[in-house]
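A short worksheet on the structure shown next.
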Amino acid sequence: MKKSLQKFLGRRSFFKSAGALGAATAAGVGFWSDNTLDAAVQNTNRNSSPSALKITDLRTVSITGASGSMSKHIIRIDTNQGVSGYGEIRDGASRTYALVLKSRILGENPCNIEKIFRKLRQFGGTGRAAGGVVAIEEACWDLAGKVYGVPVYQMLGGKYRDKIRLYCDTAESPDPKIFAEQIKRRKDLGYTWFKLDIGVRRLAGIPGALSQPLGFDSDAAEKEAAAAAGQPGGYRPRVRREHTLTGIEITDKGVALLADHLMEIRQAIGWDTPLSIDHFGNVGTNSIIRLGKAFQKANPAWMEDPVPWFHTELLKQITEELDVATCTGEDIYLLPGFEVLCKEHAVDVINPDLSTSGGILETKRIVDMAQTYGIPTTFHMAGLPVCAMANVHCAAASEGFIVMENHAVDIPWWDTLVDGPGKPLVDKGFIRVPDGPGLGITLNEEAIKAHLDKKFGYWEPTTQWDEERAMDNIYT
């Protein structure tokens, strides 16, 4: 009886609706009104069929002058339906990191983002080695958003915030007054969080400030390279050794000099603004602990990368000894490396660089994981606007996010490279989360050409990478 009643009521409802529709038709209204039709199709991208989308090409363009003489590389993934998506290889990485993966994605549907990422993630690694994998992942998100007509943050589950707070990196100066002037200009621009480098290079040539192997800071090749880069003098030992393996220690005099310098900067910018510190130099763990204790009086927001991220026990020792927050993560690839640090509470803050950590989705997972351990997340970011907007969407969709780096404050043409969001892209120390499809940006090709690294050409064909083949199985 129950099923029969439901069936009867369903048929009755249908005929009632049909009668109403018939009356409407008879009255000249038509089966669908114009307003109903408009509402039904306004969000549909009629220029593409997502299920039939296929990757047909991958090309690159390189920008120079955005960070010294180092090029930064943007990739473009083209499809069989004329829709393209953009991603960016991490600063300091090679464009070949992406090109070598081209043959492995041709013919794939870019909307199958996780499938493609799982196929490619074995080719990524710590530091800059993940650059190609992540650039492709970003471009796939951009494509998926474009063909479905939604912003990336929406595909990640929606947003927690409408704008993303930035902290700005500031080049160090031996004169605290000059540095304070730089900070004041940034405060006038609306920035509410700052970071500076403060480390042993500042102690070069000061008798009794450092204990180090004799002649260690007189490496002729290093000084030659620094002079060629327009940075003569200064202490920057590029010995490619871990921090703790150099034999360099800071003396009490050196610690006091650096602490006094940091305090002068703190007093110049005020106590109401977070101030993070980074790049202490390749020194031993004991020196870092002594330095951190001396820095405590300046109330820094965090000490970044005091030792390499993979030394969990050393980081834990430093964190337990200090009342200053510790932070690391820009060189870690994939979630497991971060989870070890979070589970052990080896640091107070994690700082993934999305272009290394595994891309948009993996980084959101990292933020969510860290939140379960009560650890906040900041984003390291030193890229062009394509990379910045990938970070913006991820940050918008991640509850445990706090603040994102901007390394391009002093590059006036930085945001001219893209169109789409409102300008300036960075407004009063924030980037507004765009609501356009995909990453919410398009490239300004004229600006790209104006800052093109010509040795790589302008979206040159990459057919030489179409047939790259290897036995990619990670097990047999």
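Against the condition surrounded by fewer than 24 Cβ atoms within 10 Å (Cβ to Cβ), modelled with pLDDT of 95 or more and over 22 Å from Ser398 (Cα atoms), how does Leu361 come out, does it pass?
Spelling it out, it is not the case that Leu361 is surrounded by fewer than 24 Cβ atoms within 10 Å (Cβ to Cβ), modelled with pLDDT of 95 or more and over 22 Å from Ser398 (Cα atoms).
Could you list all residues from segment 182-193 that are over 15 Å from Val426 (Cα atoms) and either touching an Asp or Glu at 6+ places or on another chain (Cβ under 9 Å) or surrounded by 13 or more Cβ atoms within 10 Å (Cβ to Cβ) (or both)?
Gln182, Ile183
Which of the residues spanning segment 364-383 are farther than 21 Å from Cys111 by Cβ and either of a type in the set (D, E, K, R) or surrounded by 24 or more Cβ atoms within 10 Å (Cβ to Cβ) (or both)?
Ile366, Val367, Asp368, Ala370, Thr377, Thr378, Phe379, His380, Met381, Gly383
Output yes when any residue across segment 371-378 is touching a Leu at 6+ places or on another chain (Cβ under 7 Å), closer than 25 Å to Ile183 by Cα and in the same structural domain as Pro336 (by TED's automatic domain parsing), and no when none is.
No - not one qualifying residue is present in segment 371-378.
How many of the residues making up segment 396-416 are modelled with pLDDT under 95 and among the small types (Gly, Ala, Ser)?
Within segment 396-416, residues that are modelled with pLDDT under 95 and among the small types (Gly, Ala, Ser) number 1.
Among the listed residues Ile318, Ile332, Ile289, identify the single one that is at pLDDT 95 or above, in the same structural domain as Leu354 (by TED's automatic domain parsing), assigned to a loop (DSSP other than H, G, I, E, B) and more than 30 Å from Gly190 (Cβ to Cβ).
Just one listed residue meets the conditions, Ile332.
Of everything in segment 90-113 that's in contact with a Gly (Cβ under 8 Å, 6 or more places away or on another chain) and part of a helix (DSSP H, G or I), which residue is surrounded by the fewest Cβ atoms within 10 Å (Cβ to Cβ)?
Per the criteria, the residue is Thr96.
Output the number of the condition that Ile116 fails; it satisfies all remaining conditions of (1) in contact with a Pro (Cβ under 9 Å, 6 or more places away or on another chain); (2) within 12 Å of Ile136 (Cα to Cα); (3) part of a loop (DSSP other than H, G, I, E, B).
Every condition holds for Ile116 apart from (3).
Can you tell me which residues in segment 444-468 are surrounded by 13 or more Cβ atoms within 10 Å (Cβ to Cβ) and of a type outside the set (Asp, Glu)?
Across segment 444-468, the qualifying residues are Asn444, Ala447, Ile448, Ala450, His451, Leu452, Phe456, Gly457, Tyr458, Trp459, Thr462, Trp465.
Examine segment 151-161 for a residue that is aliphatic (A, V, I, L, M) and without any contact (Cβ under 8 Å) to a residue 40 or more places away in the chain, and state whether such a residue exists. Can you show your working first?
Let us first name the residues in segment 151-161 that are aliphatic (A, V, I, L, M), namely 152, 155-156.
Checking the rest, the ones that are also without any contact (Cβ under 8 Å) to a residue 40 or more places away in the chain come to 155.
Yes, segment 151-161 has at least one match.
Determine which single condition Val347 fails, assuming it passes every other condition in (1) among the β-branched types (Val, Ile, Thr); (2) part of a loop (DSSP other than H, G, I, E, B); (3) in contact with a His (Cβ under 9 Å, 6 or more places away or on another chain).
(3)
Within segment 139-194, take every residue that is of a type in the set (Phe, Trp, Tyr) and over 19 Å from the mean Cα position of the chain (by Cα) and give me the one that is modelled with the lowest pLDDT. It would help to see each step written out before you state the result.
As a first pass, look at segment 139-194 and keep what is of a type in the set (Phe, Trp, Tyr): 141, 148, 153, 160, 167, 179, 191, 193-194.
Within this subset, residues satisfying the condition of being over 19 Å from the mean Cα position of the chain (by Cα) are 148, 179.
Values: Tyr148: 97, Phe179: 79.
Checking each candidate, the answer is Phe179.
So, in segment 384-426, of the ones that are acidic (Asp, Glu) and either in contact with a Phe, Trp or Tyr (Cβ under 7 Å, 6 or more places away or on another chain) or in the same structural domain as Thr64 (by TED's automatic domain parsing) (or both), which residue ends up surrounded by the most Cβ atoms within 10 Å (Cβ to Cβ)?
Here the residue is Glu405.
Is it the case, given these coordinates, that Pro308 is touching a His at 6+ places or on another chain (Cβ under 7 Å) and surrounded by fewer than 22 Cβ atoms within 10 Å (Cβ to Cβ)?
yes
Here's a check for you: in segment 155-180, which residue that is in contact with an Asp or Glu (Cβ under 9 Å, 6 or more places away or on another chain) and part of a helix (DSSP H, G or I) is nearest to His261 (Cα to Cα)?
Once the filter is applied, the top-ranked residue is Pro176.
With assigned by TED's automatic domain parsing to the domain that holds Pro274, crowded, with 24+ Cβ neighbours inside 10 Å and not aromatic (Phe, Trp, Tyr) as the only criterion, which of Asp353, Asp348 stands out?
Asp353
Results for (1) of a type in the set (Gly, Ala, Ser); (2) under 23 Å from Arg76 (Cα atoms); (3) in contact (Cβ under 8 Å) with a residue 40 or more places away in the chain, shown as yes or no for each residue.
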{"residue": "Thr326", "(1), (2), (3)": "no, no, no"}
{"residue": "Leu334", "(1), (2), (3)": "no, no, yes"}
{"residue": "Pro385", "(1), (2), (3)": "no, yes, yes"}
{"residue": "His393", "(1), (2), (3)": "no, yes, yes"}
{"residue": "Pro412", "(1), (2), (3)": "no, no, no"}
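The values are calculated or read from the model by the stated rules, or taken from the named source; none is laboratory data. Everything numeric here is computed off the predicted structure, so don't read it as measured data. Cβ sites come from the backbone with ideal geometry, for glycine too, and all protein chains shown count toward neighbours.
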